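J.: What follows is a structure written as structure tokens; I'll ask about it next.
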Amino acid sequence: QVQLVESGGGLVQAGGSLRLSCKASGRTFSMYYMDWFRQAPGKEREFVAGITWTGGTPYYADSVKGRFSISRDKAKNTVYFEMNSLKPEDTAIYYCNAGRTIRTLRTGGESWGQGTQVTVSS
């Protein structure tokens, strides 16, 4: 099992930036990817971005392409999520996720973090 701990959420004005981090521990050698999902009030959880652990290939939802950037530091077992040009509709709880197969990258893998709140004011 992989344990995930997110950090970096908070309150920011529209147009601002935030950087989220997610540190993995445990059976990290089994990870094929790490990614981020978000869930806004009254909405379903949705895929936002992901990155393969070995090759570092990024994947993004269309709604965040060009604004958000995902990266990883293998030595620190940490994935970073740089969010720029934030909009009020980006307000949500952001969850870190890790999985063992590419097939679940956009649907969610076996391990989830506890979530971190991101609030964008207009």
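The values are calculated or read from the model by the stated rules, or taken from the named source; none is laboratory data. These figures come from a predicted structure and were not determined experimentally. Every residue, glycine as well, gets a Cβ built from its backbone with ideal geometry; the counts of neighbours run over all protein chains shown. Heads up: the accessible areas ignore ligands, DNA and RNA and are worked out on the full protein's heavy atoms, side chains in. Shrake-Rupley method; radii C 1.70, N 1.55, O 1.52, S 1.80 Å.
J.: Select, from I51, I70, I102, the only residue that is over 21 Å from G16 (Cβ atoms) and touching a Pro at 6+ places or on another chain (Cβ under 6 Å).
T.: I51
J.: Now for a different question. Run down E46, E6 and say which single residue is surrounded by 15 or more Cβ atoms within 10 Å (Cβ to Cβ) and among the charged types (D, E, K, R).
T.: On inspection, the qualifying residue turns out to be E6.
J.: Just the residues that are basic (K, R) and either open to solvent by 60 Å² or more (accessible area, probe 1.4 Å) or over 22 Å from V12 (Cβ atoms) (or both), please, taken from the range 53-81.
T.: K65, R72, K74, K76
J.: Every residue in the range 87-104 that is under 28 Å from G15 (Cα atoms), outside any helix (DSSP H, G or I) and either aromatic (F, W, Y) or open to solvent by less than 30 Å² (accessible area, probe 1.4 Å) (or both), please.
T.: Within the range 87-104, A92, Y94, Y95, C96, N97 meet the criteria.
J.: While we're on this one: Would the range 64-77 turn up any residue that is in a strand (DSSP E or B) and among the β-branched types (V, I, T)?
T.: Scanning the range 64-77, I find at least one residue that is in a strand (DSSP E or B) and among the β-branched types (V, I, T), so the answer is yes.
J.: For the range 9-23, what are the residues that are of a type outside the set (A, V, I, L, M), open to solvent by 30 Å² or more (accessible area, probe 1.4 Å) and part of a strand (DSSP E or B)?
T.: Answer for the range 9-23, where residues must be of a type outside the set (A, V, I, L, M), open to solvent by 30 Å² or more (accessible area, probe 1.4 Å) and part of a strand (DSSP E or B): Q13, R19, K23.
J.: Ok, one more. For the range 29-43: of the residues being surrounded by 14 or more Cβ atoms within 10 Å (Cβ to Cβ) and out of contact with any helix residue (DSSP H, G or I) (no Cβ under 9 Å at 6 or more places or on another chain), which is farthest from A75 (Cα to Cα)?
T.: If we take residues in the range 29-43 being surrounded by 14 or more Cβ atoms within 10 Å (Cβ to Cβ) and out of contact with any helix residue (DSSP H, G or I) (no Cβ under 9 Å at 6 or more places or on another chain), then Q39 is farthest from A75 (Cα to Cα).
J.: I'd like to know if the range 9-17 contains one or more residues that are modelled with pLDDT under 95 and of a type outside the set (K, R).
T.: Yes, the range 9-17 contains at least one residue that is modelled with pLDDT under 95 and of a type outside the set (K, R).
J.: With respect to N84, is the statement that it is in contact with a helix residue (DSSP H, G or I) (Cβ under 6 Å, 6 or more places away or on another chain) and either crowded, with 21+ Cβ neighbours inside 10 Å or not charged (D, E, K, R) (or both) true?
T.: No: the conditions fail for N84.
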